[in-house]
Amino acid sequence: MHFFCKLTERIDKELLDMAGPQLRIIGTMSVGFEHLDLKEIKKRNIQVGYTPDVLTDATAELTVALLLATSRRLFEAVHEVKSGGWGSWQPLWMCGKGLKGTVVGVVGAGRIGQEVIKRLIPFKVAKFLYCDRNRKKEVDALGAEHTTRDSLLAESDFVVVTCASTPETQKMFNSVLFSKMKSDAVFVNTSRGNIVDQEALYDALQSGKIGAAGIDVADPEPLPTDSPLLTLKNCVVLPHIGSAVLVTRAAMSELTALNILAGLAGEVLPSALNV
């Protein structure tokens, strides 16, 4: 027996008990695995396959797109066109923040974070900073500087969050961290919604503690339509579409199926999660 699941489908003790001992393999069509009760899964010696790497490029592309859409106020501009706000040319109308000569800080320089840096290099960014548990040679090779989280927040014009969701990172971005950022900083999160205290984010945006935010993830998902974040012009919210590229989703589906087939056949999984 096997489970083919998505990130939004919780595999907990109750469901595992219902499945019984015949459940041998769980294939999740995601790189994230916070929806899996790994403690209970490990107790039952169930294998888990997941889909890292195949969605890295798509998510990195979306991160850059979201950063640009937020900093250059693209959604505000589209609204002005549709609502009749586009009048005669004015020198400062719809002006945003450019990338050239700025400092970009990446929180969590894993696969996606590294690909984001690579894609931003042509924009003539002055300096890349990153904070991670350990210094990484492959990130240093991109010209990025390893630093502390507080130093990154204080110095960066753009703060890009691509770290994993762990007990340590949940609600990491709270009022204290937002207060450490520049008042015109652009905050971008394409990792997981639970890494951000959304009330604190709203307060930071509404009060001018930071300049703008672009998020592709929320907590909960979907984000309720009455969320205060949706009332702000300086907050761009996307519906978790980081991997929403046809070839990427096809590759994710295929890898999930291959993981399940390998598990059922008693073979090594192409992409196994160490439980």
TODO: Output the number of the condition that L62 fails; it satisfies all remaining conditions of (1) in contact with a Gly (Cβ under 7 Å, 6 or more places away or on another chain); (2) part of a loop (DSSP other than H, G, I, E, B).
DONE: (2)
Task: Evaluation of E40 against (1) under 30 Å from N274 (Cβ atoms); (2) open to solvent by 90 Å² or more (accessible area, probe 1.4 Å) (one fails), failing number - done: (2)
Open item on the list: Can you find a residue that is open to solvent by less than 40 Å² (accessible area, probe 1.4 Å), part of a helix (DSSP H, G or I) and more than 28 Å from E40 (Cα to Cα) anywhere in segment 226-234?
Closed with: yes
TODO: Evaluate the following for A69: is it touching a Ser or Thr at 6+ places or on another chain (Cβ under 9 Å), on the phi < 0 side of the Ramachandran plot and either surrounded by fewer than 21 Cβ atoms within 10 Å (Cβ to Cβ) or in a helix (DSSP H, G or I) (or both)?
DONE: no
Open item on the list: When you check E34 against the structure, is it touching a helix residue (DSSP H, G or I) at 6+ places or on another chain (Cβ under 9 Å) and modelled with pLDDT of 95 or more, yes or no?
Closed with: no
- [ ] Working carefully through the options K124, K180, K136, find the one that is open to solvent by 30 Å² or more (accessible area, probe 1.4 Å) and under 19 Å from T56 (Cβ atoms).
- [x] K136
Open item on the list: If I filter segment 75-112 down to residues being over 30 Å from H146 (Cα atoms), in a helix (DSSP H, G or I) and free of Cβ contacts under 8 Å to residues at least 60 places away in the same chain, which single residue comes out as most open to solvent (accessible area, probe 1.4 Å)?
Closed with: K82
Open item on the list: Based on this model, can you work out whether D197 counts as of a type in the set (D, E), within 21 Å of E168 (Cβ to Cβ) and open to solvent by 20 Å² or more (accessible area, probe 1.4 Å)?
Closed with: yes
TODO: Considering only residues that are under 28 Å from T190 (Cα atoms) and crowded, with 20+ Cβ neighbours inside 10 Å, look in segment 8-31 and name the one that is modelled with the lowest pLDDT.
DONE: V31
Open item on the list: Going residue by residue through segment 206-216, is there one that turns out to be surrounded by 20 or more Cβ atoms within 10 Å (Cβ to Cβ), within 18 Å of R149 (Cβ to Cβ) and in contact (Cβ under 8 Å) with a residue 24 or more places away in the chain?
Closed with: yes
Open item on the list: Cβ contacts < 7 Å: first residue in contact (Cβ under 8 Å) with a residue 12 or more places away in the chain, restricted to segment 251-268; second residue assigned to a loop (DSSP other than H, G, I, E, B) and charged (D, E, K, R), any location; separation 6+ or different chain. Result?
Closed with: G263/R24; L264/R24
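The values are calculated or read from the model by the stated rules, or taken from the named source; none is laboratory data. Worth saying up front: this structure is predicted, and the values here are computed from it rather than measured. When we count neighbours, we look across all protein chains shown, and the Cβ atoms used for this are built from the backbone with ideal geometry, even at glycine. Accessible surface areas use protein heavy atoms only, side chains included; no ligands, DNA or RNA. Shrake-Rupley method; radii C 1.70, N 1.55, O 1.52, S 1.80 Å.
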